[in-house]
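Enquirer: Can you keep this structure in mind? I'll have questions shortly.
The values are calculated or read from the model by the stated rules, or taken from the named source; none is laboratory data. If you're wondering where the values come from, they're calculated on a predicted model, not measured in any experiment. With ligands, DNA and RNA removed, areas are computed over all heavy atoms of the protein, side chains included. Shrake-Rupley method; radii C 1.70, N 1.55, O 1.52, S 1.80 Å.
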Amino acid sequence: QPDAMSEVGDEAELSALLARGAIDLVTERTIRRYGRELAGWLVSMIDSEADAYDAFSWLCEELWRSLRGFDGRCSIRTWCYVLARHAISRARAAPHRRREVLVSEIPSVAQALDDAWNTTRLHTRRAEAVFAQLRRELDDDEQTLLVLRVDRGLNWADIAHVLLGAVADPGEVKRKSATLRKQFERLKEQLRERAAER
């Protein structure tokens, strides 16, 4: 999980590169910066490792495609989580569908994708079984909330953007943020109780 200060610097650097039209470089650096955490979320949400890998590949491809029209309404990191959420839906709607990924034709991006994925697999396999099982018992929105807030440290507005979509208006984001705070407190208490039972 990136710390807040370095994330601000990285986002500024990515935005400057994007303004110069360096799409391939921005894609590569974004995957190197956030790829492991995104892949980890996909692995935690999708049962099949092969399907999770396909979802991660699709996410990277869509990042590369979408950066041409990215308008900066949210951070690039938040936008990646919006894409990751779509990737989860696609993987569940059409499991075991193999894809040819366009970004694999860009060697530096393909290497960043592979590095992020392989590191994530090693890390994920070391996760505690009980905690992983507790998370799997949550519904999708609860899992998303837990991962984005606890594991990734996103602020409430960014989480609201991910759940609502990046084009949500400020009032809607503010209302959703307040709801998410309350939901998060209830969820923490439920998890404490379940963990104590196990």
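Enquirer: So what is the relative contact order for region 128-197, in percent, with contacts set as C-alpha pairs under 8 Å and at least six apart?
Expert: The normalised contact order for region 128-197 reaches 34 percent.
Enquirer: Sticking with this structure for a sec: Which ³J(HN,Hα) values in Hz, rounded to whole numbers, follow from the phi angles of region 179-187 under the Karplus curve 6.51 cos²θ - 1.76 cosθ + 1.60, where θ = phi - 60° and Gly and Pro get x?
Expert: 5, 5, 4, 5, 4, 5, 4, 5, 5
Enquirer: For TYR34, TYR53, give the ranking by accessible area with the largest first, probe 1.4 Å.
Expert: Ranked list, largest accessible area first: TYR53, TYR34.
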